[in-house]
Each structure stands twice: as C-alpha cells, then as structure tokens.
1. Test S67 against the criterion of being among the hydroxyl-bearing types (S, T, Y), assigned to a loop (DSSP other than H, G, I, E, B) and closer than 17 Å to Y39 by Cβ, and give yes or no.
2. If I ask for residues that are over 17 Å from G43 (Cα atoms), of a type outside the set (A, V, I, L, M), surrounded by fewer than 15 Cβ atoms within 10 Å (Cβ to Cβ) and over 18 Å from the mean Cα position of the chain (by Cα), which ones from the range 92-128 would you list?
3. Out of Y23, Y39, Y54, I need the residue that is within 24 Å of D126 (Cβ to Cβ) and either in contact with a strand residue (DSSP E or B) (Cβ under 9 Å, 6 or more places away or on another chain) or of a type in the set (F, W, Y) (or both). Which one?
4. Residue check: is D107 at pLDDT 95 or above, charged (D, E, K, R) and either in contact with a strand residue (DSSP E or B) (Cβ under 8 Å, 6 or more places away or on another chain) or part of a helix (DSSP H, G or I) (or both)?
5. Looking at I64, I73, which one is among the β-branched types (V, I, T), buried (at least 17 other Cβ atoms within 10 Å of the Cβ), over 21 Å from I192 (Cα atoms) and touching a strand residue (DSSP E or B) at 6+ places or on another chain (Cβ under 6 Å)?
6. All but one of (1) on the phi > 0 side of the Ramachandran plot; (2) part of a helix (DSSP H, G or I) hold for G87, so report the exception by its number.
7. Here is a list of conditions, (1) under 25 Å from P25 (Cβ atoms); (2) in contact with a Leu (Cβ under 7 Å, 6 or more places away or on another chain), and L187 meets all of them except one; can you say which number that is?
8. How about the range 128-156: which of its residues are of a type in the set (A, V, I, L, M, F, W, C) and either in a loop (DSSP other than H, G, I, E, B) or free of Cβ contacts under 8 Å to residues at least 24 places away in the same chain (or both)?
Amino acid sequence: MSSRWAGKTWGTLGDSITEAGGYQPLVQEALGFASVINYGKSGCPMTAGGDRDYGATTHVGRGIDTSLDCVTIFAGVNDFRLDKPLGELGSRDVYTFHGAYATLIEDILAKNPTCRLSLWTPLQRDKDGYDIFYVNGAGHRLIDYVNAIQQIGQLYALPVLNLYGESGLNMLTLPHFTSDGLHPNELGHRRIADMAAPFLLGL
C-alpha cells in the first residue's frame, strides 16, 4: 500500500493495548512509517489523579517528541474501569475525562501544530463484570466515554477512529479476538490494524 506516511514518524499514546505493541508494526508495514514511538502505559487512564496518575495519558502526552508527523491517542477504557468522571465538553480540569483529553490535545498542537493528530475510541469489553452495559462508580457506561471522544474530535476538528462502533469486536466475538475479554490477541491487533491503516492513509 503506497502511502503519504512513507518515511514519516508516528507516536502512539494509550494504555496496555497500545503498550503491547501489537497493532503498530502491522500499520507501520502497511503504510511505511520510518519509525514508531510507543508511549502506551498499561493500566493507566487518560484522566489525572489516583494511584495511576504517574501514567495518565494526559501527563505522558506532554512529554512526547514534538517533531512527530502523526500522533494517535487510543484511551478511555481504563477511565471507565477506574470510575473517572466525564466532566463537561470544553473543560480544562485534568481530573475529568473531558478536561484531561482537551488539555492534552491543546498541548500537543501548541508544540507541534503540523502533526496529524487523531483520536481512537476504546474497543468494547467484557472483563471482570465490566461490559458495555455496566454502569461504573461515576455513573457512566463505556459508550459515554466513546461519545465524549467523538464530541472532542468535533470540537477540535480532529478525525476519530470509532473502534467501539465499527471494529466488529462485541460480546459475541470478544472471545475470538481477545485473550481475556479486553486485551486483543494477535487476531485482535490485526483487526485494529486493518481499520487503522486505511483510516490513517485517508488523513
């Protein structure tokens, strides 16, 4: 697949699904990225605060290389699992999901306005009782974090890859594509890459 990304650099922000490094080599091979820097932090949410604040994506993202050509943010499933409050669209409160996400976007684009930044929604999940129907301690379902990402994308005119709604990973197929109802296996990472490559190619 010939690509506008041949010879370019890509930074991937996210949680354990990103840290695992499963989808990145597949996308790199398809699109020709010269290098990929993996900034994923296992178990960590987008939102600041709590005992996983050290790896909150809103913090990690402020330290990424400012010369990257492409940056992707793949977060939200741990915010759901850790009962992080959504907050309000337009907030800058990093202790809410909206505020943490917006603060990160503004920091990345202020330092590197020409990078192509895109937002990826969480996949569906069914692990430890936390499925798509579960209401967490903050009163939210996983879809609420997905909708927040889509709203933020519109606010900043950033493309959103809707893995929650279009990946085909659901309660019936999660046993096939994941090792535990959450973390993708080889087939799951392939499915992510199969969606991500044409998505990034079209930016």
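1. yes
2. Within the range 92-128, R92, K111, P113, T114 meet the criteria.
3. Exactly one residue qualifies, and that residue is Y23.
4. yes
5. None of the others qualify; the one that does is I64.
6. So the condition that G87 fails would be (2).
7. The number of the failed condition is (2).
8. Residues satisfying the conditions are I132, F133, V135, A138, I143.
The values are calculated or read from the model by the stated rules, or taken from the named source; none is laboratory data. On a predicted model such as this, the values are computed, not experimentally measured, just so you know. So basically every Cβ, Gly included, is an ideal-geometry build from the backbone, and we count neighbours across all protein chains shown.
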